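First up is the structure itself, then whatever we jot down about it.
The values are calculated or read from the model by the stated rules, or taken from the named source; none is laboratory data. A quick note: this is a predicted structure, and the numbers were derived from the prediction, not measured. Cβ coordinates were reconstructed from backbone atoms using ideal geometry, including for glycine residues, and neighbour counts include every protein chain displayed. Areas reflect the complete protein model, heavy atoms only, side chains present, ligands, DNA and RNA absent. Shrake-Rupley method; radii C 1.70, N 1.55, O 1.52, S 1.80 Å.
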Amino acid sequence: MTNSRISRLRRQFSDYYIDALLVTNEQNIFYLTGFPLMEGDGALLVTDKNAILITDDRYATALQEFDNDEVVGVITRDYYGSVNELCDGLDVDVLGFENTVSFETYDILNDLMTADIVPCADMVEKMRAIKDNNEIATLRKAADLHTAGYQHLLQIVRPGMSERQVALELDYWMKQHGAQHASFETIVASGENSAKPHATASDRLLQAGDMVTVDFGYFVDGYTADMTRTFAIGDPGAKLRSIYNLVNQARQKVIAAAKPGIHGDQLDSYGRSLINNAGYEKEFQHGMGHGIGLGIHELPSSYGPNRGDVVLHANQVITVEPGIYLPGLGGVRIEDDILVTANGAERLTTAGTDLVIIDAD
């Protein structure tokens, strides 16, 4: 398997001056091996010739059934003691570890390891940022389910429902139709709450004149989409209709500009300049988007002003999510997932973006 994910990881070792890498992030372990280890339940040790999954007897049966010729399992209750023994036996002098580990884990490694330990940033995450065909197909499937979930929501939502009830209805439908679980707490923000970018669903009742923002993400076959739509309950008034159109135009301009090689601040400017020039610079307070995949936020990092360090590449999947938030009145955010291709961007989120007005009677 000369081009497997583990093999490609090994080819980075010389760049980091390490003999092996200890992987503890459960999403990274799943990415490299396909084994669904829960957070904190073990680690993956990758050396120049070996890939060893270290976990405990709760996973013994699953490991016996695990079909992966590159990976062997070790059952133990002393994860890091076993890592040290393995490194000693495999002549590992310098062990890399993910720089995202907790201080507690670092302290354990620092005390136990005979090998020198060095932090390594984003070795697996950089690999994850470029999606293969199977990952793209899964993310497209996830985006399609989100579109269908939103269409279902539009059929059942009505004045008098609480934000929390809307979120629960969506959660039930998504899980009933193939979603595993939410990748973040669903946002349903109505009326003045929609002016809060990260509002949580409350007991507030939907009422005539409200803008309602729904921001949700669910895992499908291990990968998460991320979608936001804003709709109205009855006529929201000329000002909110105007900012809706402005946000939608900003979304379209960013998607049209997305391509390999563009820098994050450049891409952001296509939408942000439109919003700023309309006088809403202070009412758009967050980045334009971020990478998604096995995690709801992954490389490429959040892009926006001053993010010239972010450069897009083909086969990355990112969100585009401009917004305008007017305290005391309401807000609008519209978010699509897009695939960066050699020829530009493909929208994975196919839900319509024209303003939907729910009958308030």
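Structure notes:
- The range 99-127: number of residues that are hydrophobic (A, V, I, L, M, F, W, C), in a loop (DSSP other than H, G, I, E, B) and in contact with a helix residue (DSSP H, G or I) (Cβ under 7 Å, 6 or more places away or on another chain): 2
- Against the conditions (1) in contact with a strand residue (DSSP E or B) (Cβ under 7 Å, 6 or more places away or on another chain); (2) in contact (Cβ under 8 Å) with a residue 40 or more places away in the chain, residue 272 satisfies every one except (1).
- Selection of the range 72-89 for residues being aliphatic (A, V, I, L, M) and in contact (Cβ under 8 Å) with a residue 40 or more places away in the chain yields 83, 86.
- Qualifying position, being under 18 Å from residue 289 (Cα atoms), open to solvent by 10 Å² or more (accessible area, probe 1.4 Å) and touching a Ser or Thr at 6+ places or on another chain (Cβ under 9 Å), among 213, 186: 186
- Residues (open to solvent by 30 Å² or more (accessible area, probe 1.4 Å) and either touching a Gly at 6+ places or on another chain (Cβ under 9 Å) or at pLDDT below 95 (or both)) located in the range 189-208: 192, 196, 197, 198, 200, 204, 205, 207, 208
Per-residue answers, yes or no, for (1) in contact (Cβ under 8 Å) with a residue 12 or more places away in the chain; (2) open to solvent by less than 50 Å² (accessible area, probe 1.4 Å); (3) more than 21 Å from residue 129 (Cα to Cα); (4) of a type in the set (D, E, K, R):
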| residue | (1), (2), (3), (4) |
| --- | --- |
| 3 | no, no, no, no |
| 8 | yes, no, no, yes |
| 12 | yes, yes, no, no |
| 22 | yes, yes, no, no |
| 55 | yes, yes, yes, no |
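- In the range 339-361, the residue that is farthest from residue 252 (Cα to Cα) out of those that are touching a Gly at 6+ places or on another chain (Cβ under 8 Å) and among the hydrophobic types (A, V, I, L, M, F, W, C) is 360.
- Counting only residues that are surrounded by fewer than 18 Cβ atoms within 10 Å (Cβ to Cβ) and either without any contact (Cβ under 8 Å) to a residue 60 or more places away in the chain or of a type in the set (Phe, Trp, Tyr) (or both), the range 315-331 holds 0 of them.
- Candidates in the range 127-143 are the residues that are open to solvent by 30 Å² or more (accessible area, probe 1.4 Å) and of a type in the set (A, V, I, L, M); of these, the one that is farthest from residue 5 (Cα to Cα) is 137.
- Summed over the range 163-183, residues that are touching a Gly at 6+ places or on another chain (Cβ under 9 Å) and crowded, with 20+ Cβ neighbours inside 10 Å total 4.
- For the range 332-361, filtered to residues that are open to solvent by less than 40 Å² (accessible area, probe 1.4 Å) and in a loop (DSSP other than H, G, I, E, B), the residue that is nearest to residue 236 (Cα to Cα) is 360.
- In the range 91-121, the residue that is nearest to the chain's Cα centre (by Cα) out of those that are surrounded by fewer than 16 Cβ atoms within 10 Å (Cβ to Cβ) and under 30 Å from residue 312 (Cβ atoms) is 100.
- Subset of the range 24-46 that is in contact with a Phe, Trp or Tyr (Cβ under 9 Å, 6 or more places away or on another chain) and in a strand (DSSP E or B) - its residue that is farthest from residue 5 (Cα to Cα): 43
- Among the residues of the range 294-312, the ones that are part of a loop (DSSP other than H, G, I, E, B) and either surrounded by 16 or more Cβ atoms within 10 Å (Cβ to Cβ) or touching a Gly at 6+ places or on another chain (Cβ under 8 Å) (or both) come to 10 in all.
- Tally, over the range 275-286, of residues that are in a helix (DSSP H, G or I) and either in contact with a Phe, Trp or Tyr (Cβ under 6 Å, 6 or more places away or on another chain) or closer than 18 Å to residue 319 by Cα (or both): 2
- Put simply, of 250, 225, 257, 238 the only residue that is surrounded by fewer than 24 Cβ atoms within 10 Å (Cβ to Cβ) and in contact with a Leu (Cβ under 7 Å, 6 or more places away or on another chain) is 257.
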